[in-house]
Amino acid sequence: MKKRLLAAVLLIGVGFLFASGCDKHLRSSAQNDDSVELFDYQEITLDNGLKVITLEDFSSPIVAVQVWYHVGSKDEDPQRQGFAHMFEHMMFKGTDRVGPNDHFELLRRIGARTNGYTSFDKTVYLETVPADQVELALWLEAERMAFLKIDQEAIDTERRVVEEELRMKENEPYGNVYKKIADALFDRHPYRWTPIGNITHLRASGAQEMRDFWNTYYVPNNATLLMVGAIQHEQAQALAQTYFGWIQRRTDPPRPTIRESRPSRRRELIIDDEIAPTPLCGMVWRTVPHGHPDELALDFLSQILGGGDSSRLYRDLVADEQLAVMAMAWTYNLEQDGVFAAGAMLKPNGQPALILDSITTHLRRIQAEGVTEAELEKARNNILKQVVTENLTIESKASLLGTASMIQGNTEKANEILKQIHAVTREDIRRAAKRYLKENQELVVIVKQNTEGKKDDEQAPLTAIREVDAPPPGRTGEQRPADFPKTPPIASIQPARITPQYTESLLNNGLKVQVVKNHEVPFVSVMLGLPYGAWCEEKPAAASMAFSMLTRGTERYSEAKLAEELERRAIRISGQATLDTGTVFMDCLTDQLNEGMHFLAEMVLRPAFEETEFEKLRQQKAAALAVRQQSPEYQADKILRERLFGQHPYSKAAEGQVEDLQNLSPADIRSYWNQFARPEEAVLIFAGDIEDDKALTLAKTYFGSWNNQTALPSVNLPQISSGSPRRIWLLDQPGSSQAQIRAGQIGITR
């Protein structure tokens, strides 16, 4: 919860600067053999300059097709911010053969997923399709690479969409903080503005300007095509040639040449005019671009300084001194620069100076004394685990290859990561801290608490000259081959088995054990599921708090000891309650599974629900809710639930409201857990690199003695209304420039 919220808050602020392996490859890496390759990819370049990267992965009958264009917000004219984001949308508007809604509809017809995103350095389009439907994805991508339709109607439509997306972001808590930090970090480099865009610039932009931008950047010699999944290299390469080889190479696009030296003085940015339910503060440094030799050392440093509940900042600011409800550090590296940040979410009326002093003190100590061997190994284990988990999906494998190829300039860099992780030393971390986190180069950011709504900005007028007659779609001189499909090449739909094979056993205490085997990577996920969520609690938010408290200490492990033991082994455990169910998740590398099961059982069977830790968690959850409750989306969802479900527990969110948290005590959540945490209706699911007999042995060892001697209490639930006449409810939220609309009715049960 801490990481998610601070990612949604401080990463909104500083994170504006906002990776195939077969079984033997990753298993070798887990055994500390860094000489093997993670990715047995192949790479070719077509005559027109299109780079084609393929990777075989037959673990599931699907293929990830991705087209990466080397264009992002840093490639825009300073007076035309938002063009790259506009084309993330415009590229779905069709060609002379593809209608404005066809891209989505054709892919939905075959059960595919499609999306796109824009960053500072790249624009990426993604389709994940059944393996026998790859040609449809390639046809659609080739069509829009060569014959995109750019007319006034499409521009007007997508500009309105982009404007609403921008307003939605600005109406969220801390919505403009990231823009202000970007502008303060950079003086001249185009990283000083962000990818989402500028309404004034877009409203002043004409159709021909946008057409010129597309003609310049969305060309084969500025693109990389990736196909990862159940397709052989030779077939994928032949299809790439068929569908893209005819598109003409164009002039190579220009690249930004501005390089900015790091600042030579401490700067301060105070933000007091944004929706900020709780104050924030932190320090930001510009560091190194993605792929730089010191990038990993800074990643290790961020883990040690603020990468978890056993990190230096969390222990100091949150756990011990209780000056903040959350604290963390992170890195973000772009093609031409990078960022290191550390910060905290304060309590109401907290003192930023104390937070900033703590960050400075810990950094100076690391710069002078270095980090401990235990901290080094903890960071290494967590980063190694991250590499493994990034190999769990074909989409993430494609992303890692694409990043290495386009942003680092060498696809083989993706195969060097394990060696690099194992090579980082304590001295590397100390040296990087001294070199890049200098006292006279930081940007201090303080976001003051402010619960007032934002005033609507005056809307910029539409000043662009409207185009009446658009030229034909496509580029001058482009011509499809005679045998290029005139209609979408959709193969006949084939049935596929989508339910994984699993085994099921029953322990003597009634606990159901299921096992889904997948030996592709040395990684195991375990989930304990209970059918008792928020619907059965006596007090609102009791279930959510109980599951969240499981990681806050047991009868034999304090919260601090538990955090240290888990993070040292890169074991992740979390608890969550929904309206219907409660779940406890654990995942780890295979060689840590026994320890992971030990700690999972400790939390489930012997939770402490200690009062001090309860109070810390309550403050953190209240801070998170205070942020969320400021958003129009939250309020709209809340009203809809209340109007549909009346007095039934479904009318409330599982996490409750701030006032619900204030009414809870440790005794309330202990009462919930003692009544409803029971094995006879629970299920324990193992998924990943594990055999059936091993899973059953672990289940018996750690949960075989679990029994709940109390009778299951009866819960009297109010009836849910079967329906009522149509009603319209209006909620005025002054200061918001957007309207949220919800429409709903009572449906059927699962």
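The values are calculated or read from the model by the stated rules, or taken from the named source; none is laboratory data. Just so you know, these numbers come straight off a predicted model, no measurement behind them. Quick reminder, even Gly has a Cβ in these numbers, built from the backbone with ideal geometry, and neighbours come from all protein chains shown. Ligands, DNA and RNA are excluded from the accessible area calculation, which covers all protein heavy atoms including side chains. Shrake-Rupley method; radii C 1.70, N 1.55, O 1.52, S 1.80 Å.
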Could you grab the pairs with beta carbons closer than 8 Å, sequence gap of 6+ or different chains, first residue in the stretch 723-750 and over 16 Å from Gln630 (Cα atoms) and open to solvent by 90 Å² or more (accessible area, probe 1.4 Å), second one modelled with pLDDT of 85 or more and basic (Lys, Arg)?
Arg727/Arg643; Trp729/Arg643
Filtered residues of the stretch 189-211 (kept if in contact with an Asp or Glu (Cβ under 6 Å, 6 or more places away or on another chain), at pLDDT 95 or above and open to solvent by 10 Å² or more (accessible area, probe 1.4 Å)):
Arg192
Somewhere in the stretch 365-384, is a residue surrounded by fewer than 17 Cβ atoms within 10 Å (Cβ to Cβ) and closer than 30 Å to Thr114 by Cβ?
no
Taking Arg255 and the conditions (1) closer than 18 Å to Val71 by Cα; (2) charged (D, E, K, R); (3) surrounded by 14 or more Cβ atoms within 10 Å (Cβ to Cβ), which numbered condition does it fall short on, given that it satisfies the others?
(3)
Thr45: passes all of (1) surrounded by fewer than 19 Cβ atoms within 10 Å (Cβ to Cβ); (2) in contact with a Lys or Arg (Cβ under 8 Å, 6 or more places away or on another chain); (3) at pLDDT below 95 but (3)
A careful count of residues in the stretch 605-615 that are outside any loop (DSSP other than H, G, I, E, B), open to solvent by less than 50 Å² (accessible area, probe 1.4 Å) and out of contact with any helix residue (DSSP H, G or I) (no Cβ under 7 Å at 6 or more places or on another chain) gives 1
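Residue by residue, here is whether (1) touching a helix residue (DSSP H, G or I) at 6+ places or on another chain (Cβ under 6 Å); (2) under 26 Å from Ala146 (Cβ atoms); (3) assigned to a loop (DSSP other than H, G, I, E, B) holds:
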residue: Pro461; (1), (2), (3): no, no, yes
residue: Ala470; (1), (2), (3): no, yes, yes
residue: Pro473; (1), (2), (3): yes, yes, yes
residue: Asp483; (1), (2), (3): no, yes, yes
residue: Pro500; (1), (2), (3): no, no, yes
In the stretch 239-288, anything modelled with pLDDT of 95 or more, of a type in the set (Ser, Thr, Tyr) and assigned to a loop (DSSP other than H, G, I, E, B) is listed as Thr251, Thr287
Name the residues in the stretch 566-604 that are aliphatic (A, V, I, L, M), open to solvent by less than 40 Å² (accessible area, probe 1.4 Å) and not in a strand (DSSP E or B), would you?
Leu566, Ala570, Ile571, Leu593, Met597, Leu600, Ala601, Met603, Val604
Need pairs with beta-carbon distance below 7 Å; first residue in a helix (DSSP H, G or I) and within the stretch 643-656, second surrounded by 17 or more Cβ atoms within 10 Å (Cβ to Cβ) and not small (Gly, Ala, Ser); sequence gap 6+ or separate chains.
Pro649/Trp535; Pro649/Leu579; Tyr650/Leu579; Tyr650/Arg641; Ser651/Arg641; Ser651/Phe645
Take the stretch 643-662 and flag every residue that is over 29 Å from the mean Cα position of the chain (by Cα) and either over 28 Å from Asn450 (Cα atoms) or of a type in the set (Gly, Ala, Ser) (or both).
Arg643, Leu644, Phe645, Gly646, Gln647, His648, Pro649
Only one residue in Ile394, Ile359 is in contact with a strand residue (DSSP E or B) (Cβ under 6 Å, 6 or more places away or on another chain) and either surrounded by fewer than 20 Cβ atoms within 10 Å (Cβ to Cβ) or closer than 27 Å to Glu321 by Cβ (or both), so which one is that?
Ile359
Take Leu401 and decide whether it is modelled with pLDDT of 95 or more, assigned to a helix (DSSP H, G or I), surrounded by 20 or more Cβ atoms within 10 Å (Cβ to Cβ) and not β-branched (Val, Ile, Thr).
yes
Can we say Arg267 is open to solvent by 30 Å² or more (accessible area, probe 1.4 Å), farther than 30 Å from Ala131 by Cβ and out of contact with any strand residue (DSSP E or B) (no Cβ under 7 Å at 6 or more places or on another chain)?
no
Across the stretch 689-748, which residue is modelled with the highest pLDDT among those that are of a type in the set (Lys, Arg) and part of a loop (DSSP other than H, G, I, E, B)?
Arg742
Enumerate the strands (runs of 3 or more DSSP E) found wholly within the stretch 61-143, keeping only those where 3 or more residues are open to solvent by 20 Å² or more (accessible area, probe 1.4 Å) and within 21 Å of Ile407 (Cα to Cα).
113-118
Just checking, does the stretch 697-710 include any residue being surrounded by fewer than 17 Cβ atoms within 10 Å (Cβ to Cβ) and in contact with a His (Cβ under 8 Å, 6 or more places away or on another chain)?
no
Could you identify the single residue in Leu664, Leu684 that is assigned to a loop (DSSP other than H, G, I, E, B), open to solvent by less than 40 Å² (accessible area, probe 1.4 Å) and not polar (S, T, N, Q)?
Leu664
Which condition from (1) modelled with pLDDT under 95; (2) in a strand (DSSP E or B) is the one that Phe58 breaks?
(2)
